[in-house]
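See below for the structure under consideration.
The values are calculated or read from the model by the stated rules, or taken from the named source; none is laboratory data. A quick note: this is a predicted structure, and the numbers were derived from the prediction, not measured. In this analysis, Cβ positions are derived from the backbone assuming ideal geometry, glycine residues included, and neighbour counts consider all displayed protein chains. The area values use the complete protein model at the heavy-atom level, side chains included, leaving out ligands, DNA and RNA. Shrake-Rupley method; radii C 1.70, N 1.55, O 1.52, S 1.80 Å.
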Amino acid sequence: MHDLVIANATLIDGLGTPARRGSLAVSGGRIAAVGTDVGPARERVDGDGLALAPGIVDIHTHYDAQLTWDPYATPSTALGVTTVVIGNCGFTIAPCRPADRDLTLRNLTHVEGMSLEALRAGVRWDFESYPEFLTAMERRGVVPNVASFVGHSSVRTYVLGADATKRTATPGEIAEMRRIVLEALHAGAIGFATSTLEQHNGEHGVPMPSRLADRDELMALTGALGEADRGVFMLTKGMTSTVAWLEEVAAKTGRPVMIAAMFVDPGDPTRVFNELADIEGARRRGRELWAQVGCFPLGMEFTLRHPYPLEAFLAWRPAIEAGSEAAYRRVLADPSFRTRLKAEAAMPGVPNRFSDKTWPHLTVMEVVREDHRPLVGRTIAELAAERGQDPVDVFLDFGLDGELDAMFDCRLFNTDEDEVRRLLRHPHAAVALSDAGAHLSFLCDAGFGLHLFGHWVRERGDLTLEEAVRRVTHDVASAYRLVDRGRLAPGAWADLLLFDPRTVGRGPKRRVHDLPTGASRLDTPALGVHGVWVNGVRTVDERGVREECGRPGQVLRDFAR
Ligand SMILES: [Zn+2]
C-alpha cells in the first residue's frame, strides 16, 4: 500500500521524454512507481486533465535572511518550487561574527531591496560559523528543500571586518578565507558564490565586499572547490570577469562554473551571443561552463528616491553620496552631473546596465501630484520626444518637480522576446534568474517556471512543455549535482508539481505587506497550480500554500561529484 497515488495525469518526467498518460505512486517520501497500474494507496489524487512534473528547482534565490523567519520561502512554494538554492552572488549571512551582524544586514538591505528595519527585526542569529548556519536551518526546518552557497562577501567580512569593502586582502587573509570556504564545502555548501557586478552595492553605494577581491584571492577561493573536488562556482559577472578567465577557473578546478546573469542587453545586443559562443568553445575543450538565463524581461519598479538601476552609473555616485534630500536635489539639478550621466549612458559595451536605450522602456506608473496624472502610462522617451528635450533632463526634472516618490516601471533587459528565445533554447543555458527573495520592492520573478510553461510554451510555442519542464528541473538539478531530484522516476524524491497546462502562469503583480515590521514586497499569484509536494508531503493544494504541511524540506548537504 503506497502513501499516495496521483492518478491519470499527463506525466512529464523532466528528462524531455514525450508526455504520456499515467499514474505515480509515492512511498516514504520517494517515487515508488510510475506507470498505468501502480497499485493502491492510502491517499489518491485525481490528476485527470492535469500535468504532473517534477517540482521546479530554483537555482538563483536570495532567501538566506528570509528563511530564518519564513520557512516557506514565500512566495516560491506557492509558485511550484520544491528546491531553492540560496547564497547566490555571494550575498549570505554566514559566516558572521556577532559584531558584524548589523554591517552584514546593511550590506544586504540594498541588494535585497528590503528595509533594514525588516531585516533587523526578522533575522534570527542562531549561528556564527557556516556549519552552524546549516545546522540552525535544519533545526528550524524548511518547507522547500534548500541548498546553500558559501558566499564570498560574508567570508570576506568575516576575515577582514570593516576593511572588506575597502581593500584587497593580504596573503594571510586569503589563506584564512580559503580555509573557511573549504570548511563550508565539507559541511555541505553546494559551492562558492561571488559577484563582480558593478551594480552590487551595499548601503550608501559602498561596493559589496567581493568586488574588492583581486585575481589572487579569486583563484585561491575557487581553488578550494578543486581541492575539495566538489561544488559549483557561481558568479554574477561584471565588466572585469571574462569568459576566458572563467574557463581558466573551470580548467584549474575541474568544477562546473555557473555564469549569471546572461541577458539580452538592448545597449549591446550581440554581447550575450558572443559570450555564449565563448561558452560553447569552452565546452568543446571539456570545461563545464553554464550560462544562467532568465525568461522574464528584467523589469524593476523604482522611485527616484531609491533608484537602484541608476546606481550602476559611475556618474551617479555624487547622488548616492548626497547626505540629505536637499543635497540630493542639488546634485540632480546640477548641469555638469547631467552631462556626465548622458555621456556615460551613451557609452556602449558596459554589461547589464541602464543605458540610453532604456528610455523607451521606462514608464511612469504612479505619480504624487494630481496634475501629473495624465503622465501615467507614458514613457520617458515619448515625453522627451514631445518636448524636444534630452530624456535625462525630462526624467530628473520630473523627479525634482515633486515626484521623487513617483513609481517608474523599467524594462532593462530581455525586452526582445525573439532574442530571448535563442537564450532559452541554448543547450548550455540554465533557466533561472528569479532572484527570489531579493529586490523585493522592485520586482517578483519567483514564478519563472510557471511563466515558462504558460508564456513560452502555451502562448508563444517556443518550447515544448516537455523541454520547458526539463529546463527548470532535471537540467539545473544535474548541473548542480542534486541527488535523486528533478525527474519522475522510481527512487527519486517525490518533489512534484501538478498543474493545468491550459491555465498555468503567473498572475498580475501586486504589493503585499507581510515582511517583518509590515514592510512591503511585490508578489505574483500562481495560476493553474493544483498541487505541490516536497519529499512526498503536500505543501500546496488548489487553495494555495498549506499552513499545516509541517517542514518537509531537507537542507541538502550531499551532492554528486
Ligand atoms: Zn542574485
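So here's what we get for this one:
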| item | result |
| --- | --- |
| Test: residue in segment 117-126 that is farther than 18 Å from ALA519 by Cα and either open to solvent by 10 Å² or more (accessible area, probe 1.4 Å) or outside any strand (DSSP E or B) (or both) | yes |
| Residues satisfying the stated conditions in segment 464-503, i.e. buried (at least 24 other Cβ atoms within 10 Å of the Cβ), among the β-branched types (Val, Ile, Thr) and assigned to a loop (DSSP other than H, G, I, E, B) | THR473 |
| Some residue of segment 83-97 being more than 16 Å from the ligand (Cβ to nearest atom), open to solvent by 10 Å² or more (accessible area, probe 1.4 Å) and within 25 Å of THR503 (Cβ to Cβ) | no |
| Condition met for ALA250 (away from the ligand (no atom under 16 Å from the Cβ), of a type outside the set (S, T, N, Q), assigned to a helix (DSSP H, G or I) and open to solvent by less than 20 Å² (accessible area, probe 1.4 Å)) | yes |
| Candidates PHE192, PHE233, filtered to the one that is of a type outside the set (Gly, Ala, Ser), touching a His at 6+ places or on another chain (Cβ under 9 Å), under 22 Å from TYR63 (Cβ atoms) and open to solvent by less than 10 Å² (accessible area, probe 1.4 Å) | PHE192 |
| Extreme residue, nearest to the chain's Cα centre (by Cα), among residues of segment 246-268 that are touching a residue at least 12 places away in the same chain (Cβ under 8 Å) and under 16 Å from ARG215 (Cα atoms) | LEU246 |
| Given (1) assigned to a helix (DSSP H, G or I); (2) open to solvent by 60 Å² or more (accessible area, probe 1.4 Å); (3) more than 17 Å from GLU128 (Cβ to Cβ), index of the condition ARG179 fails | (3) |
| Every residue from segment 260-300 that is open to solvent by 10 Å² or more (accessible area, probe 1.4 Å), within 16 Å of the ligand (Cβ to nearest atom), in contact with a Leu (Cβ under 9 Å, 6 or more places away or on another chain) and not aliphatic (A, V, I, L, M) | PHE263, PHE296, GLY299 |
| Looking only at segment 526-550, and only at residues there that are under 23 Å from the mean Cα position of the chain (by Cα) and open to solvent by 30 Å² or more (accessible area, probe 1.4 Å), the one that is farthest from PHE448 (Cα to Cα) | VAL545 |
| Residues that are part of a loop (DSSP other than H, G, I, E, B), open to solvent by less than 60 Å² (accessible area, probe 1.4 Å) and under 25 Å from VAL264 (Cβ atoms), drawn from segment 357-376 | THR358 |
| Among the residues listed as ALA41, ALA65, ALA73, the single one being away from the ligand (no atom under 16 Å from the Cβ) and not basic (Lys, Arg) | ALA41 |
| Filtered residues of segment 8-22 (kept if of a type in the set (Gly, Ala, Ser) and either surrounded by fewer than 24 Cβ atoms within 10 Å (Cβ to Cβ) or touching a helix residue (DSSP H, G or I) at 6+ places or on another chain (Cβ under 8 Å) (or both)) | GLY14, GLY16, ALA19, GLY22 |
